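**Student:** Got a structure here, written out as structure tokens. Questions coming.
The values are calculated or read from the model by the stated rules, or taken from the named source; none is laboratory data. All figures in this text were calculated on a predicted structure; none of them were measured in a lab. Virtual Cβ from ideal backbone geometry, glycine too; neighbours counted across all protein chains shown. Ligands, DNA and RNA are stripped out before the accessible areas are found, and what is left, the full protein with its side chains, is counted by its heavy atoms. Shrake-Rupley method; radii C 1.70, N 1.55, O 1.52, S 1.80 Å.
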Amino acid sequence: GFLLDLMLCFQDIGRIMSRSNKNKSTCNDGGASNESSAGGIAGERDSHLDHEIAQLTKLRSSPHELLGRVVPGRMRLPASTVRMLVGREGNFSGRGRFSSADGCHVLSRYLPTKGPWIVDRMKSRAYVSQFSDDGSLFIAGFQGSHIRVYDVDRGWKVKKDISARNLRWTITDTSLSPDKLYLVYASMSPIIHIVTVGSATTESIANITEIHHGLNFSSDQDDDEFGIFSIKFSTDGQELVAGTSDSSICVYDLGADKLSLRIPAHQSDVNTVCFADESGHLIYSGSDDSFCKVWDRRCFVTKGQPAGILMGHLEGITFINSRGDGRYLISNGKDQTTKLWDIRKMSSNAINLGLGDDEWDYRWMDYPEYARNLKHPHDQSLATYKGHSVLRTLVRCYFSPSYSTGQKYIYTGSSDSSVYIYDLVSGAQVAKLDHHEAPVRDCSWHPFYPMMISSAWDGDIVRWEFPGSDEATAPPNKRAGRVRRRNLLYL
């Protein structure tokens with residue numbers, strides 16, 4: 001704890017000494033920044049988001065008033081780290097320690113934007129990459145039938161090198177069980193495969209060195225084969241929820257080893273699904289029909305009746321991430337926006353407007369210029385974030401970690417080969433990470449440390465940190481020319 005405090009002190013002192021150069025903001029010119037540009041004197045900036053979640057976010061990431069005061073009665077945000085440490089040692093707050101909000105305020109100022117450093121470099125596109133809930137493991141899935149599980153605490157050593165079974169086109173999604181013992185992976189097939197991560201076998205070749213047990217998500221009524229775009233474990237590890245290319249949501253009971261629920265959920269591909277919170281009752285889904293839907297399993301959902309529908313996107317939904325509270329979620333859309341939602345604003349009716357342009361296809365065409373300023377007349381979202389691009393593939397977005405940032409940021413990959421970080425409340429772009437030479441489909445912020453991993457179609461898995469290591473950063477990937485060829489089978 002002392003070393004961390006000392007490091008943070010030196011960082012603050014360094015900023016004070018270089019204040020004369022601070023006007024050259026790297027956020028404004030598209031470069032990466034190590035601090036949020038959304039800060040300032042309290043009340044000085046109009047809030048982009050005028051809603052309860054803005055206040056909740058501030059409460060979870062703002063310091064005690066006695067630790068952030070510049071002079072009596074006046075508070076400057078972000079508060080000086082040195083001043084907060086002095087206040088803690090002097091017990092200004094009367095608690096003798098930092099609260100979780102105090103800690104979030106300090107940590108959230110130091111964004112993981114330094115780097116990158118190469119974690120791995122593969123010869124095929126990276127489609128998925130995620131930390132485990134405790135940050136000890138990292139999973140990356142590639143188009144070339146490979147999934148790698150890295151041991152983060154042991155210098156990113158490959159713990160498990162998985163060669164996928166019956167892969168169709170690519171690994172579309174993976175999910176690690178809450179106990180970190182099992183991994184499931186999906187492709188354009190109704191069969192999900194499950195692998196034992198906790199075994200001693202490093203080279204896991206399907207049904208040669210290890211059994212990759214198949215879980216059949218098709219029902220007796222299915223005449224046509226379908227693919228699975230999204231798969232997630234429940235919090236208790238007993239169920240899987242999946243979104244399919246035949247417009248359905250499926251729930252699989254692992255204990256009974258059978259499909260327990262199938263919902264005809266949307267009018268088009270279900271690209272993304274997730275559980276809303278740890279209870280498992282609520283499920284969010286997003287589809288190419290442009291709607292986010294909320295499903296309450298305590299109600300009758302088998303006939304495709306959702307608890308509610310969220311309208312606002314003009315094009316299909318590529319990804320949904322829950323805040324984990326059963327109330328708020330964000331979604332990426334092919335209309336080139338990320339939207340924030342409160343499910344209490346959902347409706348029972350849906351109006352699908354779209355662009356009305358049947359010729360436009362996000363897989364190989366740019367978004368029409370005339371459509372960039374269009375707005376859904378019945379938009380129910382709380383806020384809209386723009387700057388990144390959602391083209392070529394199902395680009396993913398997330399809330400930043402609760403522990404280190406109080407979820408005050410959202411971050412997303414982008415088809416322009418970058419990672420974008422936005423301030424949730426102000427809507428400001430606070431950082432843009434540039435390294436890759438192909439679409440960044442997925443990225444993952446460590447749950448506790450200022451570290452982020454980005455993965456792209458150039459095959460690079462790279463690490464961003466604050467303050468970062470002393471080793472030289474990675475040069476741009478110049479092999480990416482081969483992945484820029486247009487392909488009608490983009491996902």
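**Student:** Place a +1 charge on the Cβ of each Lys and Arg in region 233-277 and a -1 charge on the Cβ of each Asp and Glu, then give the dipole magnitude about the Cα centre in debye, rounded to the nearest 20. Let's see the in-between values first.
**Tutor:** Details: 2 positive and 7 negative charges, 26 e Å.
Charge dipole, region 233-277, about its Cα centre: 120 debye, nearest 20.
**Student:** Carbon and sulfur: what percent of region 147-213's accessible surface (1.4 Å probe)?
**Tutor:** Details: 1430 of 2830 Å².
Using a 1.4 Å probe with all protein chains present, region 147-213 comes out at 51 percent carbon and sulfur.
**Student:** Given the C-alpha centroids of region 107-142 and region 164-232, what is the distance between them in whole angstrom?
**Tutor:** 21
**Student:** Please state the charge dipole magnitude for region 267-384, taken about the Cα centre, from unit charges on C-beta atoms (+1 on K and R, -1 on D and E), reported in debye and rounded to the nearest 20. Don't skip to the end; give the middle numbers.
**Tutor:** Values: 13 positive and 17 negative charges, 132 e Å.
Dipole size: approximately 640 debye.
**Student:** For Gln267 paired with Asp253, estimate the spin-label separation in nm (one decimal), with each label point 7 Å from Cα along the Cα-to-Cβ line.
**Tutor:** 3.4
**Student:** From a point 7 Å beyond the Cα of Leu59 in the direction of its Cβ, which residues of region 383-420 have a backbone N at a distance under 16 Å?
**Tutor:** Zone members listed by number: 406-408.
**Student:** Also, quick follow-up: List the residues whose amide H sits under 5 Å from the amide H of Leu137, counting only those 5 or more places along or on another chain, with H placed 1.01 Å from N in the peptide plane.
**Tutor:** It is Ser132, Val152, by chain and number.
**Student:** A follow-up question, please. Could you state the accessible area per residue of region 125-250 in Å², with a 1.4 Å probe and every protein chain left in place? Walk me through the numbers on the way to the answer.
**Tutor:** Working: 4800 Å² over 126 residues.
Accessible area per residue, region 125-250: 38 Å².
**Student:** Want the number for Asp470 to Asp133: 0.36 nm per residue separation, take away the alpha-carbon distance, what's left? Present the calculation step by step, with values, prior to reporting the outcome.
**Tutor:** Numbers: separation 337, 0.36 × 337 = 121.32 nm, distance 2.72 nm.
Using 0.36 nm per residue and subtracting the Cα-Cα distance, I get 118.6 nm.
**Student:** Could you give the accessible area per residue of region 313-388, probe 1.4 Å, as a whole number in Å²? Write out the running numbers ahead of the final one.
**Tutor:** Values: 3400 Å² over 76 residues.
I get 45 Å² per residue for this part.
**Student:** Treating the beta-carbon of each Lys and Arg as +1 and of each Asp and Glu as -1, no other charges, what is the dipole magnitude of region 270-322 about its Cα centre, to the nearest 20 debye?
**Tutor:** 240
**Student:** I've got another one for you. Counting only protein heavy atoms and a 1.4 Å probe, tell me what percentage of region 218-289's accessible area is made up of carbon and sulfur.
**Tutor:** Heavy-atom surface of region 218-289 belonging to carbon and sulfur, 1.4 Å probe: 37 percent.
**Student:** Write out the GluC sites (Glu not before Pro) in region 196-253 meeting two conditions: DSSP loop, and at most 14 other Cβ atoms within 10 Å of their Cβ.
**Tutor:** Numbers: sites: Glu203, Glu210, Glu225, Glu239; in loops: Glu225.
Those satisfying the criteria are Glu225.
**Student:** Please give the contour-minus-distance gain from Asn207 to Ser219: 0.36 nm per residue of separation, less the Cα-Cα distance, rounded to one decimal in nm. Numbers along the way, then the final one.
**Tutor:** On the way: separation 12, 0.36 × 12 = 4.32 nm, distance 2.44 nm.
Additional length available on full extension: 1.9 nm.
**Student:** Rounded to whole Hz and in sequence order, give me ³J(HN,Hα) for region 124-137 from the Karplus expression 6.51 cos²θ - 1.76 cosθ + 1.60, θ = phi - 60°, writing x for Gly and Pro.
**Tutor:** After applying 6.51 cos²θ - 1.76 cosθ + 1.60, I find 9, 5, 8, 9, 9, 7, 8, 6, 5, 4, 9, x, 7, 10 Hz.
**Student:** Return the subset of Lys375/Lys432; Lys123/Lys432; Lys58/Lys180; Lys345/Lys408; Lys58/Lys157; Lys157/Lys334 for which the Cα-Cα distance in this structure is over 27 Å, preserving the input order.
**Tutor:** Details: Lys375/Lys432 25 Å; Lys123/Lys432 25 Å; Lys58/Lys180 33 Å; Lys345/Lys408 21 Å; Lys58/Lys157 38 Å; Lys157/Lys334 36 Å.
In this structure, Lys58/Lys180; Lys58/Lys157; Lys157/Lys334 lie more than 27 Å apart at Cα.
**Student:** To continue, here is another question. How big is region 219-294 along each principal axis, measuring the range of its Cα positions in Å and listing the largest first?
**Tutor:** 30, 28, 15
**Student:** According to the Cα gyration tensor, what semi-axes, each the square root of 5 times an eigenvalue, does the equivalent ellipsoid of region 90-138 have, listed from largest to smallest in whole Å?
**Tutor:** On the way: eigenvalues 271, 36, 13 Å².
After diagonalising the Cα gyration tensor, the semi-axes are 37, 13, 8 Å.
**Student:** For a quick check of your reading of the filter: which GluC sites (Glu not before Pro) in region 406-476 sit in a DSSP loop and have no more than 11 other Cβ atoms within 10 Å?
**Tutor:** Passing both the DSSP loop test and the Cβ count: Glu471.
**Student:** Report the dimensions of region 105-246 along its three principal axes from the alpha-carbon atoms, largest first, rounded to Å.
**Tutor:** That gives 55, 36, 30 Å along the principal axes, largest extent first.
**Student:** Also: Viscosity 1.567 mPa s, temperature 4 °C: what is the translational diffusion coefficient of region 176-249 from Stokes-Einstein with a Kirkwood Rh over Cα pairs, rounded to a whole number of µm²/s? Could you put the intermediate results ahead of the total?
**Tutor:** On the way: Rh = 13.3 Å.
Reported coefficient: 98 µm²/s.
**Student:** Now for a separate question. Report, in whole Å, the centroid distance computed from the Cα atoms of region 242-308 and region 348-409.
**Tutor:** Cα centroid to Cα centroid, the span is 21 Å.
**Student:** Which FRET efficiency value, to the nearest 0.05, is calculated for Arg97 and Lys345 with the Förster distance at 41 angstrom and r the Cβ-Cβ distance? Intermediate results must be reported in sequence, preceding the final value.
**Tutor:** Values: r = 38 Å, r/R0 = 0.93.
It comes out at approximately 0.60.
**Student:** When the Cα atoms of region 300-439 are enclosed in a convex hull and the volume is divided per residue, what value in Å³ results? Kindly include the intermediate steps, with their values, before the conclusion.
**Tutor:** Working: hull volume 18.9 nm³, N = 140.
Cα-based convex hull of region 300-439, divided per residue, equals 135 Å³.
**Student:** Right, next: I'd like to know which of Ser230, Cys292, Leu340 lies farthest towards the positive end of the charge dipole of region 206-343, counting +1 on Cβ of Lys and Arg and -1 on Cβ of Asp and Glu.
**Tutor:** Leu340
**Student:** Out of region 246-351, which trypsin sites (Lys or Arg not before Pro) are coil in DSSP terms and have no more than 15 other C-beta atoms within 10 Å? Walk me through the numbers on the way to the answer.
**Tutor:** Details: sites: Lys258, Arg262, Lys293, Arg297, Arg298, Lys303, Arg323, Arg327, Lys334, Lys339, Arg344, Lys345; in loops: Arg297, Arg298, Lys303, Arg323, Arg327, Lys334.
Filter output for region 246-351: Arg298, Lys303.
**Student:** Another one. Quick check: from the Cα gyration tensor, does region 258-338 come out rounded (a/c under 1.5), prolate or oblate? List each step's numbers first, then the result.
**Tutor:** On the way: a/c = 1.96, a/b = 1.33, b/c = 1.47.
Oblate, since a/c reaches 1.5 and b/c is not below a/b.
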